[in-house]
Amino acid sequence: MTDGAAIKTGEAVLALDHLHKAFGALKVTDDVTLDVRSGEIHALIGPNGAGKSTLIAQICGELRSDSGRVHFKGRDLTDLSAFKRARLGLGRSFQTTQLCLEFSVLEHVILSLDCMEGGSFNLFANPRNDAALREEAVHWIGKAGLAGRENRQVANLAHGERRQLELAVALARKPHVLVLDEPMAGMGAEESARMVDLLQELKGEYPMLLVEHDMDAVFTLADRVSVLVYGRIIFTGTVDEVRQDAEVRSAYLGDETC
Amino acid sequence: MSKFDRFTLTGIVMLVLLIIAPFVVAQTGWHGGLPLLTRIVIYALAVVSLDLIIGYGALVSFGHAMFFSVGGYVVAVLAYHTNMGDTIFGWEGTNSALVLWPLALLACALLGLVIGYLALKTRGVQFIMITLAFAQMVYFILVSLQFYGGDDGLMMDMRNTMPGIDLDDPFAFYYLALGLLVLWVLFCRFIVNSRFGMVFQGLRQSERRAVNLGVNPLPFRLAAFVISAVGTGLAGVLWANYAEFVTPDMATWAKSGEFMAIVTLGGLGTLLGPIAGAAAFIGLEQILTIWTEHWMIVMGPILVLIALFGQQGMLGRFLKGGRHD
Ligand SMILES: Nc1ncnc2c1ncn2[C@@H]1O[C@H](COP(=O)(O)OP(=O)(O)OP(=O)(O)O)[C@@H](O)[C@H]1O
Ligand SMILES: [Mg+2]
């Protein structure tokens, strides 16, 4: 994170500027402005269907915004395609894991490392035999808590392990921001706790935008919280402020079992 | 890495079988034996190429016969003009394989580049349909070439010439084709295991993941499509020389379908499986045509049964097994 360290703490790494998106008459993103600052975890919470995953798709370039801009490290990303944004250091995980199931864990992280510049057209060199790549991949696999699982096929990983692999795959690219869509979704209590610990370890190193339903995890991890309801940010503040805010309680926390 | 071992083992067994097969059939005194083996090897070249994109990239091309036909026609047409004593755009022509074959492959590469670029804008069933549509266009163009025999096709007076190898000698021709098949399979094997191949296969397994790792899908898929077109074109070049005859039938959808059926029959995404598939398909075709003219009535159900019950084809389970813990 040499680059990340260069940006002084508190400066916005990722900034969304009046984003809009509608599917027909349904406004899914309604004038969303928020930023993720270096060193912080910014949690985005909101009920089902609030538009959280849609917003992530707009950030990562999978969906084109109707209007508004996305800035990343001072650069306007709005007109860049998803793969170009990824190359600039936008790391992400998906609400439903998106992984290459036939590769081994090691191969998958090697693939991730080898695609930093968009992938190679070398038809002969086998990246699996590249000692430096292997070593680096093993490092990130360990960092994501998957040491010893290097040769397991991704399809044979447990659900929680797949989530960890998504993280390893993202971390290997030394991202300048991590956008995580419900990294604890579908996990058991134990797996969930492990993921919280892992994110806690990574905190400070990587700025994160964390979409999460589990309020305990949010309160443990986040510095700031934004609440999204029907595509609108109705509140942004520190964890303590969220706890006290009446509007948030009624709009969101009230109907959550937390 | 037992997968590697199984591949190598299977490859060596197949190679040994294909090397000794001509001697075995010669012993039986059956004259159809060597031509049959030659057809198997030529088809194998085409289906290995098709497997590269279907099996590893899920790019289901239903139009690969167009490259087969274009490879064949380029060679036959240029040889035709040369033998007529014409000049081709001021060039007096040649019958040398070392010139004609690369030209034919270049034509296939260019055609693959253009059609691949257009077809890869689509996915799934649409991709199948658009490749089919382009192949039909090529078919109708070939039929309309009255000067080159139209429907009836074009005879070659003789095979191309190659220094040091007498292509008119059926043995030499067979072993040349086999040698090219070996080189092509090795090349495809390198591709599959390469940095390029990893990205290409990653795109099939999860395009969303690959894109979010920074991969632009089109150039990777297009490169693989072009390589596949060239391999299939080489099969067409060999076919033209083997049969000394090219017809628009080389570009029919039935031919494309045969290629797809053979790949599935042998085992998708294994490179070697389709070679076994070619042997089984062409062997069965030979036996069934002796028996009945409507051999497809028997072959069809066999293919359906294999598709239903042997989901991995003849060699898929073996070649893809024994991997990872
Ligand atoms: N491609 C689409 N076309 C039409 N509507 C869509 C599309 N994608 C999402 N939606 C709708 O947009 C709304 C927001 O969906 P989104 O997935 O962003 O919500 P979310 O906040 O991530 O919810 P969850 O907590 O369930 O993951 C939903 O009502 C959804 O049905
Ligand atoms: Mg969601």
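The values are calculated or read from the model by the stated rules, or taken from the named source; none is laboratory data. Not measured: the values here are computed from a predicted model. Heads up, the Cβs are rebuilt from the backbone with ideal geometry, glycines too, and the neighbour counts pull from every protein chain shown. Remember, those area values only see protein heavy atoms, side chains included, never the ligands or the DNA or RNA. Shrake-Rupley method; radii C 1.70, N 1.55, O 1.52, S 1.80 Å.
Here residue A:19 does not qualify as open to solvent by less than 10 Å² (accessible area, probe 1.4 Å), within 18 Å of the chain's Cα centre (by Cα) and farther than 24 Å from residue A:159 by Cβ.
Within the range A:178-228, being closer than 16 Å to residue A:50 by Cβ and in a helix (DSSP H, G or I) holds for A:215, A:218.
As for the range A:94-104, it holds at least one residue that is more than 16 Å from ligand 1 (Cβ to nearest atom), under 26 Å from residue A:184 (Cβ atoms) and not in a loop (DSSP other than H, G, I, E, B). As a summary of the residue check, residue A:99 satisfies the conditions (1) open to solvent by less than 60 Å² (accessible area, probe 1.4 Å); (2) of a type in the set (A, V, I, L, M); (3) over 30 Å from residue A:214 (Cα atoms) except for the one numbered (3).
Here's the yes/no breakdown for (1) buried (at least 24 other Cβ atoms within 10 Å of the Cβ); (2) within 14 Å of another protein chain (Cβ to nearest Cβ):
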site	(1), (2)
B:181	yes, no
B:187	no, yes
B:219	no, yes
B:243	no, no
B:250	yes, no
B:254	no, no
B:257	no, no
B:262	yes, no
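Looking at (1) away from chain A (no Cβ under 11 Å); (2) farther than 20 Å from residue A:127 by Cα; (3) under 15 Å from the mean Cα position of the chain (by Cα), which is the only condition residue B:283 fails? Unmet condition: (3). Can you pull out the residues in the range A:121-156 that are open to solvent by less than 10 Å² (accessible area, probe 1.4 Å), more than 9 Å from every other protein chain (Cβ to nearest Cβ) and touching a Lys or Arg at 6+ places or on another chain (Cβ under 8 Å)? Listed by number, the list holds a single entry, A:141. The helices (runs of 4 or more DSSP H) falling completely within the range B:65-177 that include 1 or more residues that are open to solvent by less than 70 Å² (accessible area, probe 1.4 Å), touching a Pro at 6+ places or on another chain (Cβ under 6 Å) and not basic (Lys, Arg) map to B:124-144.
Can you name the residue in the range A:83-104 that is of a type in the set (Lys, Arg) and more than 7 Å from chain B (Cβ to nearest Cβ) and, of all such residues, is nearest to residue A:52 (Cα to Cα)?
Step one: filter the range A:83-104 for residues of a type in the set (Lys, Arg), giving A:84-85, A:87, A:92.
Applying the additional criterion that residues be more than 7 Å from chain B (Cβ to nearest Cβ) yields A:84-85.
Working: A:84: 22, A:85: 19 Å.
Ranking the qualifying residues of the range A:83-104, first place goes to A:85.
Would you check if residue A:69 is within 11 Å of another protein chain (Cβ to nearest Cβ), open to solvent by 10 Å² or more (accessible area, probe 1.4 Å) and not small (Gly, Ala, Ser)? In short, no. Is at least one residue of the range B:204-214 in a helix (DSSP H, G or I), in contact with a Pro (Cβ under 7 Å, 6 or more places away or on another chain) and surrounded by fewer than 22 Cβ atoms within 10 Å (Cβ to Cβ)? Checked the range B:204-214: at least one residue is in a helix (DSSP H, G or I), in contact with a Pro (Cβ under 7 Å, 6 or more places away or on another chain) and surrounded by fewer than 22 Cβ atoms within 10 Å (Cβ to Cβ). The residue of the range A:105-120 that is farthest from the other protein chains (Cβ to nearest Cβ), among those that are of a type outside the set (A, V, I, L, M, F, W, C) and assigned to a loop (DSSP other than H, G, I, E, B), is A:117.
Within this structure, residue A:63 fails the test of being within 15 Å of ligand 2 (Cβ to nearest atom), aliphatic (A, V, I, L, M), more than 9 Å from chain B (Cβ to nearest Cβ) and under 26 Å from residue A:204 (Cβ atoms).
Picking from residues in the range A:35-60 that are of a type in the set (S, T, N, Q) and within 16 Å of ligand 2 (Cβ to nearest atom), the one that is farthest from the chain's Cα centre (by Cα) is A:48.
Candidates A:92, A:85: the one that is of a type outside the set (A, V, I, L, M), under 27 Å from residue B:207 (Cβ atoms), open to solvent by less than 40 Å² (accessible area, probe 1.4 Å) and touching a residue at least 40 places away in the same chain (Cβ under 8 Å) is A:92. Cβ-Cβ contacts under 7 Å between residues 6 or more apart (or on different chains), taken from a first residue in the range A:181-200 that is free of Cβ contacts under 8 Å to residues at least 40 places away in the same chain to a second residue that is within 16 Å of ligand 2 (Cβ to nearest atom) and not in a helix (DSSP H, G or I), are listed as A:184/A:212; A:184/A:214; A:192/A:184; A:192/A:214; A:195/A:183; A:195/A:184; A:195/A:187.
For the range A:34-66, the tally of residues that are within 12 Å of ligand 1 (Cβ to nearest atom), open to solvent by less than 50 Å² (accessible area, probe 1.4 Å) and charged (D, E, K, R) stands at 1. The set of residues from the range B:59-76 being farther than 10 Å from residue B:135 by Cβ and not β-branched (Val, Ile, Thr) comprises B:59, B:71, B:72, B:73, B:76.
Is there a residue being within 15 Å of ligand 2 (Cβ to nearest atom), within 14 Å of chain B (Cβ to nearest Cβ) and under 17 Å from the mean Cα position of the chain (by Cα) anywhere in the range A:73-82?
Going through the range A:73-82, the residues within 15 Å of ligand 2 (Cβ to nearest atom) turn out to be none.
Checked against the condition, which is being within 15 Å of ligand 2 (Cβ to nearest atom), within 14 Å of chain B (Cβ to nearest Cβ) and under 17 Å from the mean Cα position of the chain (by Cα), the range A:73-82 yields no hits at all.
Scan the range A:31-69 for residues that are part of a strand (DSSP E or B) and touching a residue at least 60 places away in the same chain (Cβ under 8 Å) and jot them down. Listed by number, the residues that qualify are A:31, A:32, A:33, A:34, A:36, A:37, A:41, A:42, A:43, A:44, A:45. Restricting A:212, A:182, A:166, A:191 to residues that are within 14 Å of chain B (Cβ to nearest Cβ) and either within 16 Å of ligand 1 (Cβ to nearest atom) or acidic (Asp, Glu) (or both) narrows the list to A:166.
Using the structure shown, decide if residue A:19 is of a type in the set (A, V, I, L, M, F, W, C) and either within 16 Å of ligand 1 (Cβ to nearest atom) or assigned to a loop (DSSP other than H, G, I, E, B) (or both). For residue A:19, the condition - of a type in the set (A, V, I, L, M, F, W, C) and either within 16 Å of ligand 1 (Cβ to nearest atom) or assigned to a loop (DSSP other than H, G, I, E, B) (or both) - is met.
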